[in-house]
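Structure, as structure tokens:
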Amino acid sequence: MDMEVESYLRPPEMYMPPYPAKVVTLATGGKLVIRQVTRDAVPTLLQAVKPTLEVPRDFYDIVGARLYAELLGWYRHRVRDEFCLVGQIDGLLVGIVNTRSFSPEVDISLHTLAIERGLRIGAHLFAAKMEYSIEYLGRKEVLITAESPIGFRRWMIEYGLEKREGQHELGGATPFALTRDLYFRSKDRLVAGERPVPADIMKVAEREIMIASEEDILEKILGAKRKVIQ
Ligand SMILES: CC(C)(COP(=O)(O)OP(=O)(O)OC[C@H]1O[C@@H](n2cnc3c(N)ncnc32)[C@H](O)[C@@H]1OP(=O)(O)O)[C@@H](O)C(=O)NCCC(=O)NCCS
């Protein structure tokens, strides 16, 4: 690789303090570990995103395709200041969230993808990325948009986000803001989890990001409807 040319192609990077992992106890009693991953995890994560590209239901296809491109862009140093958190239960990957920092004041929320459904895993992961942006990175606000009605209900309605002028980075859609004030007002209700993660649980999460088979991922996302679209 010509590193001189490469140095022009790579965007600059801002320092980000790490996100401390946490564990959320789900309604089923399952332990959802939410933790930050580095670029090396991307090829593994992409295996889980790939099956979603052909699932129009609940807008998994557009969210999956964009998330795939963003993660690959991060891996190949073509996206500026992105971070990624994952959710795992017993090591198995059940959701992914990512955000891009626009400036020391503003983050741009990119995507939330839940692979296991019906347990608010997506909601917990979204809350975790807001927690990171506001509490650990010290942003004044996060700009958010939704690509699906479920997303709109989960973010715009549940947090009462403030509608803003202008265009969100994701296709120019209407941006909504989570301000620091809104975040702290919603925190008790929406941001869950305990730290530190018990050592045995953390060890399982860090040992390997396990990916369900394509078959299982489709089953989890589509539930009973799967048989109809085949
Ligand atoms: C949006 C998303 C992250 C929310 O994840 P979540 O908080 O874990 O919520 P779920 O998707 O499990 O459930 C959403 C609703 O559908 C219901 N549901 C559960 N399992 C379902 C299934 N297999 N199929 C369809 N709906 C299901 C839930 O009961 C829930 O209802 P509620 O809102 O009354 O609680 C997730 O739906 C997702 O990844 N969607 C596709 C990508 C997307 O839209 N991302 C957000 C872009 S803004």
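Nothing in this text is a laboratory measurement; each read-out follows from the coordinates by a stated rule. Remember, predicted model here, so these are calculated numbers, not experimental data. When we count neighbours, we look across all protein chains shown, and the Cβ atoms used for this are built from the backbone with ideal geometry, even at glycine.
Some notes on this structure:
- The listed residue being surrounded by 14 or more Cβ atoms within 10 Å (Cβ to Cβ) and among the acidic types (Asp, Glu), out of ASP2, ASP58: ASP58
- Annotation: of all residues in region 96-122 being over 10 Å from the mean Cα position of the chain (by Cα) and not in a loop (DSSP other than H, G, I, E, B), the one that is nearest to TYR60 (Cα to Cα) is ILE121.
- Here is the figure for region 66-83: residues that are within 16 Å of the ligand (Cβ to nearest atom), surrounded by fewer than 23 Cβ atoms within 10 Å (Cβ to Cβ) and within 15 Å of GLN36 (Cα to Cα) total 0.
- Residue that is nearest to the chain's Cα centre (by Cα) [pool: residues in region 123-157 that are among the basic types (Lys, Arg) and buried (at least 23 other Cβ atoms within 10 Å of the Cβ)]: LYS129
- Among the residues of region 171-182, the one identified as more than 16 Å from the ligand (Cβ to nearest atom) and within 25 Å of GLU70 (Cα to Cα) is THR179.
- In region 26-44 there is at least one residue that is surrounded by 13 or more Cβ atoms within 10 Å (Cβ to Cβ), in a loop (DSSP other than H, G, I, E, B) and more than 12 Å from the ligand (Cβ to nearest atom).
- Residue count for region 151-170 satisfying the condition of being in a loop (DSSP other than H, G, I, E, B), within 13 Å of the ligand (Cβ to nearest atom) and either free of Cβ contacts under 8 Å to residues at least 60 places away in the same chain or closer than 12 Å to PHE126 by Cα (or both): 1.
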